[in-house]
């Protein structure tokens, strides 16, 4: 796999003060929530696609939204008189042969590694009947909240991400090697659930996390 962090097609964002590059880590947290929601929506849409070409198309769209968000961030800092962020005048064209997995890794880097975090709300919680699925993963559990709906249309609870709904409580497993278990967990959750990215509030800070969203409610309301 190529390294999307150094790929010639990656978004080029650099601090004017090169020695203070870490200042801009987590830049997306300062943006309006709707901008973050749009970017995550694009990434989540790609996860529903069955072909690599369709996944890449959705990810390219999300990259455009991400660049627009970066521009907004730049303009906000300038208006506030803070140190500016240099942004290339245009997004370089991505090679259409870039693997979707590389583009996903690019987003993972930009959004502070959501691949390290999984929010759970049902049987996967530490006290849940299927907690064994996560018990072997070394990490820490955190409390958080995410806007959406949790309901039980069948045997198990289902979550639907909806920013217009009140926040619901979740437990978040933060583990550096979590992504190594996603294939197994996806198989365990089965076809009625899709792993998506959502903004979760943890200790007063927004972190992008994976969560399993139920598909049945969306099908019913489609």
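Structure data summary
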| quantity | calculated |
| --- | --- |
| Enumeration of residues in region 141-194 that are farther than 16 Å from residue 37 by Cβ, in contact with a helix residue (DSSP H, G or I) (Cβ under 7 Å, 6 or more places away or on another chain) and crowded, with 16+ Cβ neighbours inside 10 Å | 158, 173, 174, 175, 178, 179, 185 |
| Conditions (1) part of a helix (DSSP H, G or I); (2) at pLDDT 95 or above; number of the one not met by residue 125 | (1) |
| Qualifying residue in region 57-66 (condition: modelled with pLDDT under 85, under 30 Å from residue 191 (Cβ atoms) and touching a helix residue (DSSP H, G or I) at 6+ places or on another chain (Cβ under 8 Å)) | yes |
| Filtered residue count, region 31-56, keeping only those that are surrounded by fewer than 17 Cβ atoms within 10 Å (Cβ to Cβ), farther than 21 Å from residue 211 by Cβ and in contact with a helix residue (DSSP H, G or I) (Cβ under 7 Å, 6 or more places away or on another chain) | 1 |
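The values are calculated or read from the model by the stated rules, or taken from the named source; none is laboratory data. As the structure is a computational prediction, the values presented were derived from the model and not from experiment. Don't worry about glycine lacking a Cβ; one is built from the backbone with ideal geometry, like all the others, and counts go over all protein chains shown.
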